[in-house]
Amino acid sequence: MDPLDPHYRTPDGCYELFTSRLYALNSCVVATEDLVLVVDPGYLPDEVAAIRNHVEAIRAGRPLYLLLTHSDSDHIAGYGAFADATVIASRAFAEHPDTTAAVEEVMAIDDDYYIDRPYPVIYPPIDLVIDQEGQRLTVGATTIRFYSGIGHNRDGLIAYIESERLLLTGDYLSDLEFPFVTASYSGYRQTLATLARLIAEEQGLTLIPCHGAATDDPAELSRRLRLSHEYIALVADLVAGKAEPAAYERFLDAYSLRFRRFLRQQHEGNLALYRSETATS
């Protein structure tokens, strides 16, 4: 799988990835005999239009589903182009405490960059709410299982498509990022445990993160799990004074992580949240 190819089709044609010019955001379109599933369509209007055009070209009368892995602005911005789909998200997504703020974040970015969208920017209403661990959606011979993916934020959702052996992880297990933790470290560790179990149980799966390259290489899957665990341990050691600040740069080097100005901002936020959590525990 070529991580530099912005439009990747699997050999059997079961899914295609459309990678945005912003944040290397992957929008995945999965086509089975029973349905077409779009995951996190975004971000720029021409990119969203290309995804929609592809869906219409392959749909052939199959029902259309839209999975939103979480409510961050880059993941909901393209919803308006798929308002006719059956929308899937977590209970926490559906019960977001401040949907106005979520929409305002999208509109602020659009204003900053003079982005016009041919559809309204609204908070997505959810048709199929996922509120149980391992909850299933079955359409014909296609079964999708859903799992909580909290930690990065409060309303994340992971999906595993059994027939295609596709693990859709949201903002987890990227090769471009260490963990971005905005909700809780305990939640993030729980999500990593879920992902590790699925990877161990479902041999031969393909992991598709929302940012960075997809992979079906077992060694790379293990490396990404290790990266996440080592980074969280590093944050704990830095806050406790058990590691020197230079350890952070060595970690970036060890995992060949780029985009370091942005990663530094996320790292400072991670440190602040960890300090807050440990101060109140």
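What follows is calculated from the coordinates using simple rules that are stated; it is not laboratory data. Please read these numbers as outputs of a predicted model, since none were measured by experiment. In this analysis, Cβ positions are derived from the backbone assuming ideal geometry, glycine residues included, and neighbour counts consider all displayed protein chains.
List every DSSP H helix in the chain whose Cα atoms extend 27 Å or more along the helix's own long axis and whose mean Kyte-Doolittle hydropathy is at least -1.0.
Qualifying helices, which must be both long enough and hydrophobic enough, are 218-240.
Would you mind pulling out the separation of the Cα centroids of the stretch 161-212 and the stretch 237-281, in Å?
21 Å
Which whole-angstrom value gives the distance between the alpha carbon centres of the stretch 14-65 and the stretch 105-140?
Cα centres, the stretch 14-65 to the stretch 105-140: 13 Å.
Given 4 °C and 1.567 mPa s, compute D for the stretch 16-120 with the Stokes-Einstein relation, Rh being the Kirkwood radius over Cα pairs; round to the nearest whole µm²/s.
Rounded, D is 92 µm²/s.
Mind checking which of ASP171, ASP216, ASP112 has the largest fluctuation in a GNM of the chain, springs on alpha carbons under 10 Å?
Among ASP171, ASP216, ASP112, the largest GNM mean-square fluctuation belongs to ASP112.
As a check on your grasp of the helix formula, calculate [θ] at 222 nm for the chain: sum -39500 (n - 2.57) over DSSP H runs of n ≥ 4, divide by the residue count, round to the nearest 500.
After summing the helix terms and dividing by residue count, I get -12000 deg cm²/dmol.
Please give me the summed charge of the neighbours of GLY80: other residues whose Cβ is under 14 Å from its Cβ, Lys and Arg +1, Asp and Glu -1.
-3
Compactness ratio of the stretch 225-273: Cα Rg over 2.2 N^0.38 Å, N = residue count?
That works out to 1.06 for the stretch 225-273.
Working out 0.36 nm times the residue gap between LEU271 and ALA101, then minus their Cα-Cα distance, what length gain in nm do you get to one decimal?
58.8 nm
If contacts are Cα pairs under 8 angstrom and at least 6 residues apart, what is the relative contact order of the stretch 157-226 in percent?
38 percent
Can you tell me the alpha carbon radius of gyration of the stretch 46-205 divided by the globular rule-of-thumb value 2.2 N^0.38 Å?
Expressed relative to 2.2 N^0.38 Å, the Cα Rg reads 1.07.
Can you give the FRET efficiency for GLU244 and ALA108, using 1/(1 + (r/R0)^6), R0 = 51 Å, r = Cβ-Cβ distance, to the nearest 0.05?
Computed FRET efficiency for GLU244 and ALA108: 0.85.
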